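The values are calculated or read from the model by the stated rules, or taken from the named source; none is laboratory data. Note that the structure is a prediction, hence the values are computed from the model and not measured. Cβ sites come from the backbone with ideal geometry, for glycine too, and all protein chains shown count toward neighbours. Protein only, heavy atoms only, side chains kept; ligands, DNA and RNA dropped before computing areas. Shrake-Rupley method; radii C 1.70, N 1.55, O 1.52, S 1.80 Å.
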Protein chains: 2
Amino acid sequence: MLDLTQDVGALTAAIVDIESVSGDEKFLADTVEQALRALPHLTVDRSGETVVARTFLGRPERVVIAGHLDTVPVAGNLPSRIEGDLLYGCGTSDMKAGVAVALKLAALVPEPNRDVTYVFYDCEEIEAERNGLTRVSRDHSDWLAADFAVLLEPTDGVIEGGCQGTLRADIITRGKRAHSARSWLGVNAIHAVGEVLARLNAYEARRPVVDGLEYHEGLNAVAVRGGVAGNVIPDEAGVMVNYRFAPDLSLEQAEQHVREVFDGFEVVITDGAPAARPGLTHPVAAAFVAAVGGIPRAKLGWTDVARFSALGIPAVNYGPGDPNLAHQQGEYASLTKIAESELGMLNWLTTPTL
Amino acid sequence: MLDLTQDVGALTAAIVDIESVSGDEKFLADTVEQALRALPHLTVDRSGETVVARTFLGRPERVVIAGHLDTVPVAGNLPSRIEGDLLYGCGTSDMKAGVAVALKLAALVPEPNRDVTYVFYDCEEIEAERNGLTRVSRDHSDWLAADFAVLLEPTDGVIEGGCQGTLRADIITRGKRAHSARSWLGVNAIHAVGEVLARLNAYEARRPVVDGLEYHEGLNAVAVRGGVAGNVIPDEAGVMVNYRFAPDLSLEQAEQHVREVFDGFEVVITDGAPAARPGLTHPVAAAFVAAVGGIPRAKLGWTDVARFSALGIPAVNYGPGDPNLAHQQGEYASLTKIAESELGMLNWLTTPTL
């Protein structure tokens, strides 16, 4: 039985010591569910290895506090160990420190000023179709209904608003095959890639301000391919580009933009995920910023906040872990930052609302 | 026992009907050796599946007449069949028609006006290190000593002089890896490929005249590679280029040229084979052209004539097969052209020399 009365640093260590590599979260999910079911003010639901616990106090606002239970594969960095202020181990920053903060809030605040939905989900570190949040938003979207969401991903204790979208496309060039000893009989598709790269080199990325936060786009080649054999003029080549776009564009607008940049070429969209607006202008978000403190910044990478955004729920990333340590063998989290995060969140959920 | 008294078309059919896919030439090599050993004016040597037969008449000049015994894999196109003037079957054009012409000459001309070295070799259609001509030129270069060589590869009965060289090089670009959501923290190695392709697009290929024949060079990308993952700015990319160069350049000069074109980039030479001068200004070659007739043209693809050139022996391609049918399922050869080729060669070896 997980002891939710211990301090948040010790609780983090306890959770870190329960291995939960993606796909193997069952024991940790069981442990979390058991601890939450022991709290009479919470209604607990379960879907696969995802646990959702809600207060039903009839508050005019509801907020989601979410974190994933899984980690990347262990790399000889378990069990956890403490050195000074630092807790070392797989998943400390990404993101069991955040999970511990959420569990502490669940236990410490039986009557929050806003109804709260705690979400602990599985398979965030792997392909999107196995992601527990994706599954629950499809099968039980009512469990996630809320006015605002906080995702406890590592942000070094800074509020990061929304996230940029991502879109990948193949820009394809075509030519005519020929023997390279008589190259003038063919048309070289790789040479045609030169114009694709010239457009990328000339591209000026936008830095738009959305809901008060400055984003920074990018349009980049992430792969290039072409070639039939060492003595053949190739008849096809392709550049995979990745467009990271600010949340003032929809996925459809982003696709349109890529098609315009590569006008005249064959453009095949291979995958994409929408951006999420930071939504910090919403009163519940403003209250969160005021309670937690600090200056919010834009989230540039794509995160699961976009899944909330897709449900119409403004969302931010805010967690005590260090994003630069995520997925590293030497991963650690600062015990001070974990405690500060707990205090900020407590403040938010207990300060009387207007 | 191969009957060398039958007409050259029937002899071609008989040889075609002895399967000899690369690596499996033993039976045909045995058959050819046996037929040649029955001719008292020839001295016969053997290395692996390569058969060399020479006259030793003390003539002031010696010429090589060479052909490979192997074919590409059979594609349901055996046994051979005749339709009108056309002999269909695997290896008819490439190059058993030429082999049959050489065998007829060996049998018909016991006292040629020049000493003759007949070479029937294996494994031409596969990797160079297994090529019988490569092996013999290394282990028994004295067998190949000559003033001039005729390779009976399919040329549609036209003399094709020398051959262009080929050189492959990787042009490598380097950058700095970064997450594609923060692309400005990295340097995109694929984008740097743009300049490599710009130079290729601006490149003007030479068409030099060498020993009276016009060659046509080419510098082309034959492969392009780059990419780490769909969300990573790649730190390395590469373009493989293939330079087909005229025989007025040595392999070293060709390499130097490629390095100059891509000055500022990392250039790694991956493989190369020298060009061969047509050597048509040599008296023995001029006599060949006069005897066989027609207007010689430059050979643009690389062929085994370069192996003779490397031994200091001028060499030409001249064979009755059709090069456009080589390696095709519907391969055939014209019986008329085979007979014409035999006559031209007979004329060359029997006309009194000055």
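Tally Lys and Arg at +1 and Asp and Glu at -1 over the other residues with C-beta under 11 Å from the C-beta of residue B:18: what net charge comes out?
-3
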Could you pull out every residue, at least 5 positions away or on a different chain, whose amide H is within less than 5 Å of the one on residue B:328? Hs are placed 1.01 Å off N in the peptide plane, and Pro or chain starts have none. none
Starting from a label point 7 Å past Cα on the Cβ side, list the distances from residue A:264 to the same position in the other copies, nm, shortest first. 2.3
Antiparallel DSSP beta bridges within segment B:64-163, percent to nearest 5: 25
Globularity index of the protein assembly as shown, i.e. its alpha-carbon radius of gyration over 2.2 N^0.38 Å: 1.41
homo-copy label distances at residue A:286 (7 angstrom along Cα-Cβ), nm, one dp, ascending, are 10.0
Accessible-area loss of at least 30 Å² in the complex relative to the chain alone (1.4 Å probe) applies, within segment A:236-254, to A:244
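Share of antiparallel DSSP beta bridges in chain B, in percent to the nearest 5?
Antiparallel bridges make up about 75 percent of those DSSP assigns within chain B.
Using Cα pairs under 8 angstrom and six or more residues apart, how large is the relative contact order of chain B, in percent?
Dividing the mean separation by the residue count of chain B yields 24 percent.
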Structure shown: which of B:104/B:337; A:176/B:96; A:176/B:176 lie over 25 Å apart, alpha-carbon to alpha-carbon? A:176/B:96; A:176/B:176
Tilt, helix A:335-350 to longest principal axis of chain A (alpha-carbon atoms), in degrees rounded to tens, equals 70
Could you tell me how far the Cα centroid of segment A:3-60 sits from the Cα centroid of segment B:206-275, in Å? 61
With a cut-off of at most 10 other beta carbons within 10 Å, and DSSP calling the residue loop, which GluC sites (Glu not before Pro) in segment B:97-164 qualify? Please list them. B:127
Based on DSSP, what percent of beta bridges with both residues in the protein assembly as shown are antiparallel, to the nearest 5? 75
All-pairs Cα distance distribution in segment A:292-349, expressed in whole percent, bin size 10 Å: 18, 41, 37, 4
Which value, in Å², gives the accessible area per residue of the protein assembly as shown when a 1.4 Å probe is used on the protein heavy atoms? 38
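How large, in percent, is the carbon and sulfur part of the accessible surface of the protein assembly as shown at a probe radius of 1.4 Å?
51
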When N counts the residues of chain B, how does its alpha-carbon radius of gyration compare numerically with 2.2 N^0.38 Å, as a ratio? 1.15
State, in square angstrom and to the nearest 100, the accessible area buried between chains B and A, both chains counted, probe radius 1.4 Å. 2900
Run through the other copies and list how far each one's label point is from that of residue B:177, in nm with one decimal, shortest first; the point sits 7 Å from Cα along Cα-Cβ. 3.5
